[in-house]
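Structure, as structure tokens:
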């Protein structure tokens, strides 16, 4: 009953006109950044975070969350119409979605991804509703050793799924831990690695670092490659609704994609991108006609699109119950909660039930809004995609500049963004990924605190991580993931990545 | 030098610097009572060891380092423009520097003086309206008051 009371309370919060408005703005902007290639949800949320300072915490988080799952809807539009992923989780949608568009079936492709996204998004919120409160209760029994081991596992999962070598991904995680230790040490109060620079006293800002690594560096790469003219398929205003045959083929992929996506989304480090890849691979494997994949199979659109939306819902679980972000987007949401004076984690449900239930219920509303919004707006997005990159990129850069400056009204943060933009560009050139660095930077301080508290607790013995059963389980799983590649060479992961066009987040 | 070798050397230097800094400037403390340098020191050691693994692996790799993109003057110009924007923002004021920045970058890829000038002006004024007037961001003002 507790859950139904919570839901009821949540809807009272989420249905207030002001929150409906913020939800609408969030999903609208989310769809926009999803549609636009080269501007992902992480950079967009970082950019808009300062503009929510004046709003109430609930409204702010509802809007920022809307950007995240809204982007999952928008990304598929660009994949299908232009064969460029609008954002990273829609990379696989290009394969069959664009093939369908070339056969004149852009309408059903767009339709099934919108419906699939809606079904998966809603299903995952339903599971989130029932799972989050009980998980939060379990999490209450976690002490520092459990948190530390869980975070080790999270970072290991992230590096295990890395596109390039696992060694490089682990290096980026270690570098991220170092970046996270810049600023004041929370236990001793000492300044670390600030070198007398005022901006570094508060630590490296998450917003400038993300906008540098994912925003600026992306623009630099696009400029270098020179976006060639892409053919954009005109969409018929009618015919967006999939036929009965389409539905028959898509129903099971959507359901499978939802389940897969949700569980991969919950895992720290896996997330929407991996979920869409795995869903595609699964659909191809269970299909009676795997040779149809890549030539316009609707299952190849339905499965991954469902999976990335379900993953977006699942990713809220670790944030709301443990206070640990599962990916870069959740890392900013974590930052947003803390800026608004809330402590994400096991106690959030007790201390701020309006935020906890408000976010969850707003996702039911947001998903419904997206379904209604998305289909009629597709012709508008198609026109927007015709704007040449030469005109778009100066404005993307300008938004990054304003965003990094306005967090603390400090030019120093802009310089941090610039440094990480150049670093991010070089990292792409040298085949390093930004995601492990970001995640490690965010959870670094939490990990350090948990580690030091555990050691104080155990009087200096590392055995504490193995003598407590839950913690030992996490450590064992992490060790397995680290050792597995030595035996299997990660063939499956490598194969999944090479089978699709290149794109980063 | 292969790409992996070059980058491994960079991260190795990075790791050594942070580890030494943690060891000498901060305190490692004891295992009973870890100090502020404890965590970064070991993170640095892990990064260093991983860099060494990458370095050893890369020695077997014969690939030559080639960075075509770095030679592109266009990228240097964009990176320079970004830096110049940040350094001049508080002296020139938001609207002026934004106009100059947008104008320069629009001219870079998209030809046409008039188009670039008009779009840059509209872009600067529109972003001022959105961020300063509507979202109440505190943007720096220059000698012209905007």
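The values are calculated or read from the model by the stated rules, or taken from the named source; none is laboratory data. On a predicted model such as this, the values are computed, not experimentally measured, just so you know. We place every Cβ from the backbone using ideal geometry, glycine too, and count neighbours over all the protein chains shown.
For segment B:21-54, filtered to residues that are more than 7 Å from every other protein chain (Cβ to nearest Cβ) and at pLDDT 90 or above, the residue that is nearest to residue A:189 (Cα to Cα) is B:41. The criterion of being in contact (Cβ under 8 Å) with a residue 24 or more places away in the chain, within 26 Å of the chain's Cα centre (by Cα), at the interface with another protein chain (Cβ under 10 Å from one of its Cβ atoms) and within 17 Å of residue A:445 (Cα to Cα) holds for residue B:18. Scanning segment A:430-448 for residues that are at the interface with another protein chain (Cβ under 9 Å from one of its Cβ atoms) and more than 22 Å from residue B:31 (Cα to Cα) yields A:430, A:431, A:432, A:440. Here is a check on your reading of the model: is residue A:204 facing chain B (nearest Cβ under 9 Å) and either touching a helix residue (DSSP H, G or I) at 6+ places or on another chain (Cβ under 6 Å) or within 19 Å of residue B:23 (Cα to Cα) (or both)? So residue A:204 fails the test. In segment A:383-395, the residue that is farthest from residue B:120 (Cα to Cα) out of those that are in a helix (DSSP H, G or I) and more than 9 Å from chain B (Cβ to nearest Cβ) is A:383. Within segment B:60-67, does at least one residue satisfy the condition of being modelled with pLDDT under 90 and facing chain A (nearest Cβ under 8 Å)? Scanning segment B:60-67 turns up at least one residue that is modelled with pLDDT under 90 and facing chain A (nearest Cβ under 8 Å). Any residue at all in segment A:466-474 that's facing chain B (nearest Cβ under 8 Å), surrounded by fewer than 22 Cβ atoms within 10 Å (Cβ to Cβ) and at negative phi? For segment A:466-474, residues facing chain B (nearest Cβ under 8 Å), surrounded by fewer than 22 Cβ atoms within 10 Å (Cβ to Cβ) and at negative phi: absent. Taken together, the criteria exclude residue A:388 from residues that are surrounded by 15 or more Cβ atoms within 10 Å (Cβ to Cβ) and over 25 Å from residue A:120 (Cα atoms).
Residues are listed down the side, and each one gets a yes or a no for (1) at negative phi; (2) crowded, with 22+ Cβ neighbours inside 10 Å; (3) at pLDDT 85 or above:
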| position | (1), (2), (3) |
| --- | --- |
| A:145 | yes, yes, yes |
| A:158 | yes, yes, no |
| A:163 | yes, no, no |
| A:167 | yes, no, yes |
| A:173 | yes, yes, yes |
| A:181 | yes, yes, yes |
| A:185 | yes, no, no |
| A:194 | yes, no, no |
| A:197 | yes, no, no |
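Pull up segment A:134-143, narrow it to residues that are more than 19 Å from residue A:451 (Cβ to Cβ) and touching a helix residue (DSSP H, G or I) at 6+ places or on another chain (Cβ under 6 Å), then point me to the one that is surrounded by the fewest Cβ atoms within 10 Å (Cβ to Cβ). Looking at the filtered set, the residue picked out is A:135. Looking only at residues in segment A:406-430 that are part of a loop (DSSP other than H, G, I, E, B) and at pLDDT below 85, the one that is surrounded by the fewest Cβ atoms within 10 Å (Cβ to Cβ) is A:409. Here the condition is being closer than 23 Å to residue A:266 by Cβ and either in a helix (DSSP H, G or I) or in contact (Cβ under 8 Å) with a residue 60 or more places away in the chain (or both); of A:112, A:67, A:80, A:84, it holds for A:67 alone. Filtering segment B:82-108 to residues that are at the interface with another protein chain (Cβ under 9 Å from one of its Cβ atoms) and surrounded by fewer than 19 Cβ atoms within 10 Å (Cβ to Cβ) leaves B:83, B:87, B:90, B:104, B:108. Checked against (1) away from every other protein chain (no Cβ under 14 Å); (2) within 20 Å of residue A:155 (Cβ to Cβ); (3) at pLDDT 85 or above, residue A:451 passes all but condition (1). Is it the case that residue A:398 is within 14 Å of chain B (Cβ to nearest Cβ), surrounded by fewer than 24 Cβ atoms within 10 Å (Cβ to Cβ), modelled with pLDDT of 85 or more and within 30 Å of residue A:62 (Cβ to Cβ)? It is true that residue A:398 is within 14 Å of chain B (Cβ to nearest Cβ), surrounded by fewer than 24 Cβ atoms within 10 Å (Cβ to Cβ), modelled with pLDDT of 85 or more and within 30 Å of residue A:62 (Cβ to Cβ).
If a residue counts only when it is more than 22 Å from the chain's Cα centre (by Cα), which helices (runs of 4 or more DSSP H) contained entirely in segment A:1-53 have at least 3 such residues? Correct list: A:2-14, A:17-35. Within segment B:79-88, can one find any residue that is modelled with pLDDT of 85 or more, more than 23 Å from the chain's Cα centre (by Cα) and closer than 30 Å to residue A:412 by Cα? Scanning segment B:79-88, I find no residue that is modelled with pLDDT of 85 or more, more than 23 Å from the chain's Cα centre (by Cα) and closer than 30 Å to residue A:412 by Cα, so the answer is no. Exactly one residue out of A:290, A:268 is out of contact with any strand residue (DSSP E or B) (no Cβ under 7 Å at 6 or more places or on another chain) and surrounded by 24 or more Cβ atoms within 10 Å (Cβ to Cβ), and it is A:268. Taken across segment A:372-381, residues that are part of a helix (DSSP H, G or I) and either in contact with a strand residue (DSSP E or B) (Cβ under 9 Å, 6 or more places away or on another chain) or modelled with pLDDT of 85 or more (or both) do occur, with at least one present. Between A:483, A:439, the distinction of being modelled with pLDDT of 85 or more and in a helix (DSSP H, G or I) belongs to A:483 only. Under the condition of being assigned to a loop (DSSP other than H, G, I, E, B) and within 9 Å of chain A (Cβ to nearest Cβ), the residues counted in segment B:112-138 number 4. Reported count of residues in segment A:56-88, each being at pLDDT below 85 and surrounded by fewer than 24 Cβ atoms within 10 Å (Cβ to Cβ), is 4.
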